[in-house]
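Here it is: the structure, laid out below.
The values are calculated or read from the model by the stated rules, or taken from the named source; none is laboratory data. Just so it is clear, the model here is predicted, and its values are computed rather than measured. No Cβ is skipped: glycine too gets one built from the backbone with ideal geometry, and neighbour counts run over all protein chains shown. Accessible surface is based on the protein model in full, side chains and every heavy atom, while ligands, DNA and RNA are left aside. Shrake-Rupley method; radii C 1.70, N 1.55, O 1.52, S 1.80 Å.
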Amino acid sequence: NRFQIRRLTRQDITDMRDGREFSKPVLRAAEVFRYIPTPIHLQKAVRSMNVYQRYGAPSYLLGEARTRGHWAYYPLAWLIKTPIAVQILFVAGLLVAARQRATVGLVLLFPAALYMLAATQSELLLGVRLVLPAFPFVVLLGGFAIRQALETRRGQVAVVVLLGWLAGASAFIYPHGISYFNEWVKGPSEGWKYMVDSNVDWGQNLPELAEYIRQNRIEKVKLYYFGFDKLHRYGLEKKVEMQ
(Lines give C-alpha, C1' and ligand atoms only; values in the text may rest on other atoms or scores of the structure.)
Protein backbone atom coordinates (compact mmCIF):
# COMPACT_ATOMS: atom_id res chain seq x y z
CA ASN A 1 0.00 0.00 0.00
CA ARG A 2 3.07 2.29 0.03
CA PHE A 3 2.60 2.80 -3.71
CA GLN A 4 -1.09 3.64 -3.77
CA ILE A 5 -2.06 6.65 -5.84
CA ARG A 6 -5.27 8.62 -6.18
CA ARG A 7 -6.62 11.95 -7.35
CA LEU A 8 -7.54 14.69 -4.92
CA THR A 9 -11.28 15.11 -4.54
CA ARG A 10 -13.26 18.33 -4.35
CA GLN A 11 -13.79 17.55 -0.66
CA ASP A 12 -10.00 17.31 -0.17
CA ILE A 13 -9.57 20.79 -1.61
CA THR A 14 -12.39 22.12 0.55
CA ASP A 15 -10.85 20.58 3.68
CA MET A 16 -7.47 22.06 2.82
CA ARG A 17 -9.03 25.49 2.35
CA ASP A 18 -11.19 25.32 5.48
CA GLY A 19 -8.29 24.09 7.60
CA ARG A 20 -6.19 27.08 6.51
CA GLU A 21 -3.21 24.77 6.04
CA PHE A 22 -2.15 26.20 2.72
CA SER A 23 -1.54 29.51 1.02
CA LYS A 24 -3.63 30.47 -2.00
CA PRO A 25 -0.89 29.62 -4.56
CA VAL A 26 -0.62 26.09 -3.18
CA LEU A 27 -4.41 25.66 -3.18
CA ARG A 28 -4.57 26.75 -6.81
CA ALA A 29 -1.81 24.31 -7.71
CA ALA A 30 -3.60 21.53 -5.83
CA GLU A 31 -6.55 21.82 -8.24
CA VAL A 32 -4.32 20.18 -10.87
CA PHE A 33 -4.22 17.03 -8.78
CA ARG A 34 -7.95 16.55 -9.05
CA TYR A 35 -7.07 15.25 -12.52
CA ILE A 36 -3.55 13.85 -12.02
CA PRO A 37 -3.14 10.86 -9.67
CA THR A 38 -0.34 11.23 -7.12
CA PRO A 39 1.07 8.92 -4.41
CA ILE A 40 -0.98 9.01 -1.21
CA HIS A 41 2.16 9.32 0.90
CA LEU A 42 3.26 12.36 -1.09
CA GLN A 43 -0.10 14.00 -0.46
CA LYS A 44 0.32 13.35 3.27
CA ALA A 45 3.85 14.74 3.16
CA VAL A 46 2.66 17.97 1.55
CA ARG A 47 -0.01 18.39 4.20
CA SER A 48 2.37 17.67 7.06
CA MET A 49 4.84 20.21 5.64
CA ASN A 50 2.20 22.92 5.82
CA VAL A 51 1.12 22.14 9.36
CA TYR A 52 4.21 24.17 10.30
CA GLN A 53 2.86 27.16 8.38
CA ARG A 54 1.50 28.36 11.73
CA TYR A 55 4.78 28.05 13.61
CA GLY A 56 8.26 29.45 13.45
CA ALA A 57 11.56 27.82 14.38
CA PRO A 58 15.12 29.16 14.68
CA SER A 59 17.02 28.74 11.43
CA TYR A 60 19.95 30.09 9.45
CA LEU A 61 20.10 31.24 5.84
CA LEU A 62 22.87 33.07 3.97
CA GLY A 63 24.60 34.29 7.10
CA GLU A 64 21.45 35.44 8.85
CA ALA A 65 19.72 33.85 11.83
CA ARG A 66 15.94 33.69 11.35
CA THR A 67 12.88 32.91 13.42
CA ARG A 68 10.43 32.73 10.50
CA GLY A 69 10.36 31.04 7.13
CA HIS A 70 11.70 32.32 3.82
CA TRP A 71 10.39 31.28 0.42
CA ALA A 72 13.90 30.84 -1.06
CA TYR A 73 15.18 28.41 1.58
CA TYR A 74 14.15 25.09 0.05
CA PRO A 75 14.79 26.01 -3.60
CA LEU A 76 18.27 27.13 -2.54
CA ALA A 77 18.72 23.91 -0.53
CA TRP A 78 17.88 21.90 -3.65
CA LEU A 79 20.29 24.00 -5.72
CA ILE A 80 23.32 23.63 -3.46
CA LYS A 81 22.68 20.24 -1.81
CA THR A 82 21.80 18.21 -4.92
CA PRO A 83 24.75 16.89 -7.00
CA ILE A 84 25.15 19.00 -10.13
CA ALA A 85 25.17 15.85 -12.26
CA VAL A 86 21.64 15.07 -11.03
CA GLN A 87 20.55 18.65 -11.75
CA ILE A 88 21.89 18.43 -15.31
CA LEU A 89 20.08 15.14 -15.93
CA PHE A 90 16.87 16.57 -14.45
CA VAL A 91 16.88 19.65 -16.69
CA ALA A 92 17.86 17.58 -19.75
CA GLY A 93 15.15 15.03 -18.98
CA LEU A 94 12.55 17.77 -18.64
CA LEU A 95 13.56 19.19 -22.02
CA VAL A 96 13.44 15.75 -23.64
CA ALA A 97 10.00 15.03 -22.19
CA ALA A 98 8.72 18.42 -23.36
CA ARG A 99 10.15 18.01 -26.86
CA GLN A 100 8.74 14.51 -27.20
CA ARG A 101 5.47 15.59 -25.62
CA ALA A 102 5.85 12.68 -23.24
CA THR A 103 2.85 13.06 -20.98
CA VAL A 104 4.23 10.64 -18.39
CA GLY A 105 7.42 12.69 -18.09
CA LEU A 106 5.58 15.95 -17.63
CA VAL A 107 3.21 14.39 -15.09
CA LEU A 108 6.26 13.45 -13.00
CA LEU A 109 7.09 17.14 -12.69
CA PHE A 110 3.81 18.10 -11.03
CA PRO A 111 4.16 16.22 -7.70
CA ALA A 112 7.70 17.53 -7.24
CA ALA A 113 6.65 21.07 -8.15
CA LEU A 114 3.67 20.96 -5.80
CA TYR A 115 5.79 19.75 -2.91
CA MET A 116 8.44 22.40 -3.52
CA LEU A 117 5.76 25.07 -3.83
CA ALA A 118 4.31 23.96 -0.50
CA ALA A 119 7.79 24.05 1.02
CA THR A 120 8.30 27.68 -0.02
CA GLN A 121 5.29 28.58 2.12
CA SER A 122 6.54 26.72 5.21
CA GLU A 123 7.77 28.45 8.35
CA LEU A 124 9.91 25.43 9.27
CA LEU A 125 13.41 25.67 7.78
CA LEU A 126 15.15 22.52 8.97
CA GLY A 127 17.23 21.29 6.08
CA VAL A 128 16.98 19.76 2.64
CA ARG A 129 15.71 16.53 4.25
CA LEU A 130 12.24 18.09 4.49
CA VAL A 131 11.91 18.20 0.69
CA LEU A 132 13.40 14.76 -0.05
CA PRO A 133 9.92 13.44 -1.10
CA ALA A 134 10.30 15.57 -4.26
CA PHE A 135 13.64 13.99 -5.23
CA PRO A 136 12.41 10.64 -6.66
CA PHE A 137 10.49 12.53 -9.33
CA VAL A 138 13.62 14.53 -10.18
CA VAL A 139 15.58 11.29 -10.61
CA LEU A 140 12.85 9.69 -12.74
CA LEU A 141 12.78 12.70 -15.06
CA GLY A 142 16.55 12.38 -15.44
CA GLY A 143 15.90 8.91 -16.81
CA PHE A 144 14.33 10.44 -19.92
CA ALA A 145 17.62 12.19 -20.68
CA ILE A 146 19.65 9.02 -20.08
CA ARG A 147 17.42 6.92 -22.31
CA GLN A 148 17.78 9.32 -25.24
CA ALA A 149 21.49 9.95 -24.65
CA LEU A 150 22.29 6.23 -24.85
CA GLU A 151 21.15 6.22 -28.47
CA THR A 152 24.32 8.02 -29.64
CA ARG A 153 28.02 7.57 -28.96
CA ARG A 154 28.40 11.17 -27.79
CA GLY A 155 25.42 10.79 -25.50
CA GLN A 156 26.83 7.61 -24.01
CA VAL A 157 30.07 9.42 -23.20
CA ALA A 158 28.10 12.25 -21.58
CA VAL A 159 26.15 9.80 -19.42
CA VAL A 160 29.35 8.06 -18.31
CA VAL A 161 30.92 11.42 -17.40
CA LEU A 162 27.88 12.56 -15.41
CA LEU A 163 27.51 9.27 -13.56
CA GLY A 164 31.25 9.23 -12.89
CA TRP A 165 31.00 12.77 -11.53
CA LEU A 166 28.13 11.67 -9.27
CA ALA A 167 30.04 8.62 -8.06
CA GLY A 168 33.13 10.73 -7.42
CA ALA A 169 31.16 13.27 -5.38
CA SER A 170 29.63 10.46 -3.33
CA ALA A 171 33.02 8.85 -2.69
CA PHE A 172 34.58 12.21 -1.77
CA ILE A 173 32.04 13.02 0.93
CA TYR A 174 31.79 9.49 2.36
CA PRO A 175 31.02 8.81 5.21
CA HIS A 176 29.80 12.37 5.91
CA GLY A 177 26.97 12.49 3.38
CA ILE A 178 24.80 14.79 5.49
CA SER A 179 27.42 17.54 5.12
CA TYR A 180 27.44 17.38 1.30
CA PHE A 181 27.27 20.62 -0.67
CA ASN A 182 27.88 20.74 -4.40
CA GLU A 183 30.38 22.71 -6.46
CA TRP A 184 28.10 25.73 -6.90
CA VAL A 185 29.19 26.78 -3.39
CA LYS A 186 32.67 25.19 -3.49
CA GLY A 187 31.64 22.06 -1.63
CA PRO A 188 31.20 21.23 2.06
CA SER A 189 34.06 23.43 3.21
CA GLU A 190 32.04 26.53 2.23
CA GLY A 191 28.48 25.23 2.43
CA TRP A 192 28.00 26.20 6.08
CA LYS A 193 28.08 29.84 5.00
CA TYR A 194 24.75 29.29 3.27
CA MET A 195 22.91 26.78 5.47
CA VAL A 196 23.55 24.90 8.70
CA ASP A 197 21.35 22.73 10.95
CA SER A 198 20.78 19.24 9.50
CA ASN A 199 22.28 20.39 6.21
CA VAL A 200 25.66 20.08 7.93
CA ASP A 201 25.38 18.02 11.09
CA TRP A 202 22.93 15.84 12.96
CA GLY A 203 25.18 14.42 15.61
CA GLN A 204 26.40 11.69 13.27
CA ASN A 205 30.04 11.94 14.38
CA LEU A 206 29.60 10.97 18.02
CA PRO A 207 31.37 7.59 17.42
CA GLU A 208 34.35 9.40 15.87
CA LEU A 209 34.46 11.78 18.84
CA ALA A 210 34.57 8.80 21.22
CA GLU A 211 37.45 7.26 19.26
CA TYR A 212 39.35 10.57 19.25
CA ILE A 213 38.94 10.94 23.03
CA ARG A 214 40.21 7.40 23.61
CA GLN A 215 43.19 7.71 21.28
CA ASN A 216 44.29 11.02 22.82
CA ARG A 217 43.49 9.98 26.41
CA ILE A 218 41.34 13.03 27.04
CA GLU A 219 39.76 12.97 30.49
CA LYS A 220 37.12 15.67 30.06
CA VAL A 221 35.59 17.57 27.16
CA LYS A 222 32.81 20.14 26.87
CA LEU A 223 30.38 19.34 24.07
CA TYR A 224 27.57 21.30 22.45
CA TYR A 225 25.72 18.40 20.85
CA PHE A 226 23.09 18.49 18.11
CA GLY A 227 21.50 15.10 17.57
CA PHE A 228 19.67 12.18 19.12
CA ASP A 229 22.42 9.65 19.73
CA LYS A 230 23.25 8.65 23.32
CA LEU A 231 26.60 9.24 25.06
CA HIS A 232 26.47 5.99 27.02
CA ARG A 233 26.53 3.97 23.80
CA TYR A 234 30.16 5.01 23.35
CA GLY A 235 31.26 5.21 26.98
CA LEU A 236 31.26 9.02 26.96
CA GLU A 237 28.82 9.78 29.76
CA LYS A 238 31.62 10.37 32.31
CA LYS A 239 33.98 12.19 29.97
CA VAL A 240 31.65 14.65 28.29
CA GLU A 241 30.11 17.72 29.85
CA MET A 242 27.10 18.76 27.80
CA GLN A 243 26.66 22.47 27.13
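Within segment 28-51, can one find any residue that is modelled with pLDDT under 70, open to solvent by 20 Å² or more (accessible area, probe 1.4 Å) and more than 27 Å from GLY105 (Cα to Cα)?
Checking segment 28-51: at least one residue is modelled with pLDDT under 70, open to solvent by 20 Å² or more (accessible area, probe 1.4 Å) and more than 27 Å from GLY105 (Cα to Cα).
Still on this structure: Does segment 164-181 hold any residues that are under 17 Å from ALA92 (Cβ atoms) and within 20 Å of the chain's Cα centre (by Cα), and which are they?
The answer is TRP165, LEU166.
If I go through segment 186-199 residue by residue, how many of them are within 20 Å of LEU132 (Cα to Cα) and assigned to a helix (DSSP H, G or I)?
Of the residues in that region, 5 qualify.
Would you point out the residue of segment 58-97, among those that are small (Gly, Ala, Ser) and over 29 Å from ALA149 (Cβ atoms), that is most open to solvent (accessible area, probe 1.4 Å)?
Filtering first and then ranking leaves ALA65.
Being surrounded by fewer than 16 Cβ atoms within 10 Å (Cβ to Cβ) and outside any loop (DSSP other than H, G, I, E, B) is the filter here; which residues of segment 200-222 pass it?
PRO207, GLU208, GLU211, TYR212, ARG214, GLN215, VAL221, LYS222
How many of the residues making up segment 223-243 are assigned to a loop (DSSP other than H, G, I, E, B) and either open to solvent by less than 80 Å² (accessible area, probe 1.4 Å) or in contact (Cβ under 8 Å) with a residue 12 or more places away in the chain (or both)?
Here the count works out to 10.
Scan segment 188-211 and report the pairs whose first residue is more than 18 Å from HIS232 (Cα to Cα) and among the acidic types (Asp, Glu) and whose second residue is open to solvent by less than 50 Å² (accessible area, probe 1.4 Å) and assigned to a loop (DSSP other than H, G, I, E, B), with Cβ atoms within less than 9 Å and a gap of 6+ or a chain change.
From segment 188-211, the pairs are GLU190/PHE181; ASP197/LEU125; ASP197/LEU126; ASP197/GLY127; ASP201/GLY227.
Here's another thing I want to ask about it. Every residue in segment 90-121 that is part of a loop (DSSP other than H, G, I, E, B) and closer than 11 Å to ALA29 by Cβ, please.
Once the filter is applied, which keeps residues that are part of a loop (DSSP other than H, G, I, E, B) and closer than 11 Å to ALA29 by Cβ, segment 90-121 yields only GLN121.
Condition check ((1) out of contact with any Leu (no Cβ under 9 Å at 6 or more places or on another chain); (2) at pLDDT below 90; (3) open to solvent by 30 Å² or more (accessible area, probe 1.4 Å); (4) of a type in the set (Val, Ile, Thr)) across all residues:
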{"position": "LEU125", "(1), (2), (3), (4)": "no, yes, no, no"}
{"position": "LEU132", "(1), (2), (3), (4)": "yes, yes, yes, no"}
{"position": "LEU140", "(1), (2), (3), (4)": "no, no, yes, no"}
{"position": "ARG153", "(1), (2), (3), (4)": "yes, no, yes, no"}
{"position": "VAL157", "(1), (2), (3), (4)": "yes, no, yes, yes"}
{"position": "GLY164", "(1), (2), (3), (4)": "yes, no, yes, no"}
{"position": "GLY168", "(1), (2), (3), (4)": "yes, no, yes, no"}
{"position": "ASN182", "(1), (2), (3), (4)": "no, no, no, no"}
{"position": "LYS186", "(1), (2), (3), (4)": "yes, no, yes, no"}
